[in-house]
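Everything on this sheet refers to the single structure shown next.
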Amino acid sequence: MTQTGRTPSRLRLDAALADLATTFGGMTAVPDENNCECHWGGAEELAQLKTPDVELAPDLLRRTWQAVDWCDHGAVLRRILPQFAAALVDGRVEPLFDMGDVGQSFARGGWQQWPAPQAGSVREFLHAWWADSLTAPDPAVPAYEVFALCAEASGAVAPWLAEWERAVDPTADRRLVEAVEHWEYDLLGGELPWYAWVHDEKLIGELSAWLAVHAPARLDSQGASEELRHCVRLLGVSGPARWEDPHWPGHTY
């Protein structure tokens, strides 16, 4: 623990938030941006998106990141990112379904194609938040929800799983138990365990295979139930052998 009382991972996250504020401070939506007054908001609220650094009311922030029909979603996302990211970390963002749909807002903005300093700032924020969620004693947002956001935002699971693999820490092991408890039903049914626009079979396969290999020892270390350990084992079994296994949990889909 540092003298400030914050862990190295939290200090890294704080630095990433500060960098977002610097990188995206002063940005606005494009001048001709518009949206439906009936479904999004009025002209005065739209004008706020075209004014730099004005803090948005929580409900306006929610309507802005949830909207899917901006003319230039990337510019809108850049406009709200400093406030949006801080609200996410503090647990003040309430998704419609789960954090998967928040990650889709990042993806719609096309942040990975932004200029290198901007894309790098977003990438570092996501990685810093994910790393902190694995070891923070009481994170505002559960690690499995942060994972879902990062996976949807990036269109990949491998980078986030690699971070989990490197996190040799009892807290990270507990986060894995929590994740498996929330994920096993959907994964055993062949679906991603969060709100996803497309249930990408490649991502499902990567996540299931990683859990089947890396989760058992960590679940054992945390005293996970025998039933949960069998669920993880079955993620490495395909076809009829999975649901014909004597330890199939009895899920129906």
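The residues of the range 1-50 that are in contact with a helix residue (DSSP H, G or I) (Cβ under 7 Å, 6 or more places away or on another chain), outside any loop (DSSP other than H, G, I, E, B) and of a type in the set (A, V, I, L, M, F, W, C), listed by number, are L13, A16, L17, L20, A21, F24, L49.
One residue stands out among those in the range 179-201 that are open to solvent by 60 Å² or more (accessible area, probe 1.4 Å) and charged (D, E, K, R): the one that is farthest from E145 (Cα to Cα), which is E201. Selection of the range 61-111 for residues being under 14 Å from V122 (Cβ atoms), not small (G, A, S) and not in a helix (DSSP H, G or I) yields an empty set. Tallying residues that are surrounded by fewer than 19 Cβ atoms within 10 Å (Cβ to Cβ) and under 13 Å from the mean Cα position of the chain (by Cα) within the range 81-93 yields 1. Look at (1) of a type outside the set (S, T, Y); (2) surrounded by 14 or more Cβ atoms within 10 Å (Cβ to Cβ); (3) free of Cβ contacts under 8 Å to residues at least 12 places away in the same chain and you find that P240 fails only one, number (2).
Taking the conditions (1) of a type in the set (A, V, I, L, M, F, W, C); (2) in contact (Cβ under 8 Å) with a residue 40 or more places away in the chain; (3) open to solvent by 20 Å² or more (accessible area, probe 1.4 Å) in turn, V168 satisfies each one other than (2).
When the range 137-162 is filtered for residues that are surrounded by fewer than 17 Cβ atoms within 10 Å (Cβ to Cβ) and of a type in the set (D, E), only D138 remains.
The values are calculated or read from the model by the stated rules, or taken from the named source; none is laboratory data. Because the structure is a prediction, the values reported are computed rather than measured. Here Cβ is always computed from backbone atoms with ideal geometry, including for glycine, and neighbour counts include all displayed protein chains. Side chains included, ligands, DNA and RNA excluded: accessible areas come from the protein's heavy atoms. Shrake-Rupley method; radii C 1.70, N 1.55, O 1.52, S 1.80 Å.
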